[in-house]
Amino acid sequence: MKIQPVKGTRDFYPEDMAKRNFIVDGWKKTSIRNGFAEFDGPIFEYLAMYQQKSGDEIASQLFAFEDRGERMLAIRPEITPTLARMVNQRINALARPIKWFSVPRLCRAERPQKGRLREFFQWNVDIIGVEDCLADAEVIFCAVDYLVQTGLTSNDIVVCISSRRLLASLLEYFGIEQDQLNKVYAVLDKKSKVPAEAFEEMLKEVVADESKREKILKLMATESLTALEDLAGNDEKAKKAVEELARLFNYLNIMGVAEYCKFDIGIVRGLAYYTGIVFEIYDKSQQLRAICGGGRYDNLLSDFGGPKITATGCGMGDCVLGIVLEEKGLFKNLNENQRLEYFVAYAEDGLQNEAIRIAAKLRQAGKKTDFSYKGGGLGKQLKQASTLMAAKCVIVGQEFSQKGEIIVKDMSSGEQIIITEKELFKFNI
Ligand code: HAM
């Protein structure tokens with residue numbers, strides 16, 4: 001019986017790896033030019049860390065196991081709790097603001113579907129220690145900066161932004177109890193993902209009072225910040241949250257990315273720890289799940305035993321992004337890294353060792369080089385050189401045996417020159 005890969009996982013053959021590297025290299029370059037430093041953590045942590053802090057949805061999707069010491073562990077479904085744990089550990093030594101990024105491999109036992117798998121890569125950028133929503137603006141800018149450099153435009157993607165602080169204050173104003181908030185958030189997060197009747201049914205389960213439900217439904221139908229101001233009435237907390245959103249949009253405008261962004265009260269986020277501005281990025285043309293999601297989390301560090309320091313950040317997975325890049329033809333120059341600089345061929349079997357020696361020397365000189373194991377005639381070797389997209393073919397033939405000279409063939413023009421080995425290693429032809 002042929003062994004199959006596990007459901008929801010991917011095999012990365014070289015052509016898939018080229019796409020993965022295309023995505024990951026772009027993430028890393030963007031993070032660095034936006035001033036973030038890379039970190040990573042372990043692939044598994046204590047199960048309790050996610051059960052307590054990530055929220056019910058992620059807790060139900062954990063790959064958990066018991067180790068030999070009877071400790072309950074889980075493969076990481078996200079890296080934000082690890083980040084909080086690591087920052088807490090060195091809190092006094094780290095200069096603030098802390099701007100870190102990471103590209104972890106994550107696992108969630110989700111039902112595999114288009115754009116959602118059980119194992120995926122996720123780019124994270126987080127800023128710790130900045131209260132002002134300038135930090136949220138910077139995180140959003142960084143995500144948009146990446147997407148724009150892939151070739152996506154404001155016709156393709158939209159950043160939908162809202163605020164948990166706003167939602168919390170309005171829900172409180174409507175009479176929803178503080179300890180019910182997380183349950184209500186989890187339902188509101190599903191609004192755009194399930195049919196309207198199903199959503200109303202789910203809401204009924206967490207909010208029994210009909211008049212409160214009506215207010216919530218009215219709130220969720222609000223489309224502008226100005227309309228929200230009316231709903232908020234004189235509630236000070238809600239007003240402050242609206243002001244904060246207005247300031248955020250102003251920063252995004254100054255940064256030149258406002259055309260990508262819009263206010264959307266429907267953005268709630270599934271994770272439990274968000275406390276302020278929240279956002280998700282979508283592909284405009286189709287019904288795929290979010291490309292990216294993030295927001296402000298004020299309590300995660302203190303919940304893990306650290307000081308109360310605010311943080312904001314986001315995560316972008318490689319799955320939906322990969323689908324979008326593929327459909328829009330934006331995977332470019334994928335084979336650039338694979339392209340050989342030199343292929344060393346030999347015209348006579350007796351010269352194979354010379355070819356191997358020259359190829360090894362070229363590699364040591366930092367040139368991407370290969371040669372044929374089998375030989376089998378110059379024609380065959382030149383064909384192999386073309387398949388491997390070699391820029392130049394070095395031919396060790398009769399001239400080498402007689403005068404120590406080699407032929408260097410330019411594979412695109414077909415031009416050939418004859419030079420000594422010493423001249424070849426000057427690399428000026
Ligand atoms: P999240 O919304 O759970 O947030 O995930 C962020 C992104 O990761 C999603 O928008 C999606 O692109 C990708 N993603 C999530 N689950 C899957 C899956 N099963 N398959 C493929 N891609 C997936 C977080 O994880 C937060 N920790 C992000 C964050 C960082 N917030 C603050 N800092």
Out of the residues in region 279-303 meeting the condition of being of a type in the set (A, V, I, L, M) and within 7 Å of the ligand (Cβ to nearest atom), tell me which one is nearest to S162 (Cα to Cα). A290
Determine the pairs where a residue that is within 8 Å of G295 (Cβ to Cβ), located within region 258-284, has a partner that is assigned to a loop (DSSP other than H, G, I, E, B) and of a type in the set (V, I, T) with Cβ atoms under 6 Å apart, the partner being 6 or more residues away or on another chain. V278/I267
I'm trying to understand the selection: among the residues of region 1-18, which are within 16 Å of the ligand (Cβ to nearest atom), farther than 15 Å from G115 by Cα, surrounded by 10 or more Cβ atoms within 10 Å (Cβ to Cβ) and in contact (Cβ under 8 Å) with a residue 12 or more places away in the chain? none
Scan region 43-69 for residues that are β-branched (V, I, T) and touching a Pro at 6+ places or on another chain (Cβ under 7 Å) and jot them down. I58
Failed item, numbered, when M255 is tested on (1) within 13 Å of the ligand (Cβ to nearest atom); (2) in contact with a Phe, Trp or Tyr (Cβ under 7 Å, 6 or more places away or on another chain): (1)
Given the criterion surrounded by 13 or more Cβ atoms within 10 Å (Cβ to Cβ), more than 16 Å from the ligand (Cβ to nearest atom) and not in a helix (DSSP H, G or I), identify the matching residue among L340, L362. L340
Of the residues L300, L288, L325, which single one is touching a Phe, Trp or Tyr at 6+ places or on another chain (Cβ under 6 Å) and at pLDDT below 95? L300
So N92, is it away from the ligand (no atom under 15 Å from the Cβ) and under 30 Å from A186 (Cβ atoms): no
Taking K239 as meeting all but one of (1) surrounded by 13 or more Cβ atoms within 10 Å (Cβ to Cβ); (2) touching a residue at least 40 places away in the same chain (Cβ under 8 Å), write down the number of the exception. (2)
Would you be able to tell me the number of residues in region 2-44 that are touching a Lys or Arg at 6+ places or on another chain (Cβ under 6 Å) and part of a helix (DSSP H, G or I)? 0
Of the residues in region 388-405, those that are modelled with pLDDT of 95 or more and either touching a His at 6+ places or on another chain (Cβ under 8 Å) or in a strand (DSSP E or B) (or both) come to K392, C393, V394, I395, V396
Can we say V103 is farther than 21 Å from G55 by Cβ, within 12 Å of the ligand (Cβ to nearest atom) and either among the aliphatic types (A, V, I, L, M) or surrounded by 22 or more Cβ atoms within 10 Å (Cβ to Cβ) (or both)? yes
Selection status of E236, at pLDDT below 90 and not basic (K, R): yes
Within region 346-380, restricting attention to residues that are within 18 Å of I418 (Cβ to Cβ) and of a type outside the set (V, I, T), which residue is modelled with the lowest pLDDT? E348
Out of curiosity, is S154 of a type in the set (G, A, S), in contact (Cβ under 8 Å) with a residue 12 or more places away in the chain and in a helix (DSSP H, G or I)? no
When you scan region 343-350, do you find a residue that is in a loop (DSSP other than H, G, I, E, B) and without any contact (Cβ under 8 Å) to a residue 12 or more places away in the chain, even just one? no
Picked from region 58-85 (must be among the hydrophobic types (A, V, I, L, M, F, W, C), within 13 Å of the ligand (Cβ to nearest atom) and touching a residue at least 12 places away in the same chain (Cβ under 8 Å)), the residue surrounded by the fewest Cβ atoms within 10 Å (Cβ to Cβ) is F63
Apart from one, (1) farther than 24 Å from E70 by Cα; (2) hydrophobic (A, V, I, L, M, F, W, C); (3) modelled with pLDDT of 95 or more all hold for F44; the odd one out is (1)
Taking the residues in region 19-34 that are within 22 Å of K328 (Cα to Cα) and of a type in the set (V, I, T) as candidates, determine which candidate is nearest to the ligand (Cβ to nearest atom). I23
Of the residues in region 331-372, how many are touching a Phe, Trp or Tyr at 6+ places or on another chain (Cβ under 9 Å) and under 30 Å from D156 (Cα atoms)? 4
Only listed residue being more than 7 Å from the ligand (Cβ to nearest atom), surrounded by fewer than 18 Cβ atoms within 10 Å (Cβ to Cβ), within 20 Å of G55 (Cα to Cα) and not hydrophobic (A, V, I, L, M, F, W, C), chosen from G306, G329, G276: G306
Is there a residue in region 107-123 that is modelled with pLDDT of 95 or more, within 20 Å of the chain's Cα centre (by Cα), under 27 Å from N250 (Cα atoms) and within 9 Å of the ligand (Cβ to nearest atom)? yes
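The values are calculated or read from the model by the stated rules, or taken from the named source; none is laboratory data. In this text, all values refer to a predicted model and were calculated from it rather than measured experimentally. Positions of Cβ are backbone-derived with ideal geometry, glycine not excepted, and every protein chain shown enters the neighbour counts.
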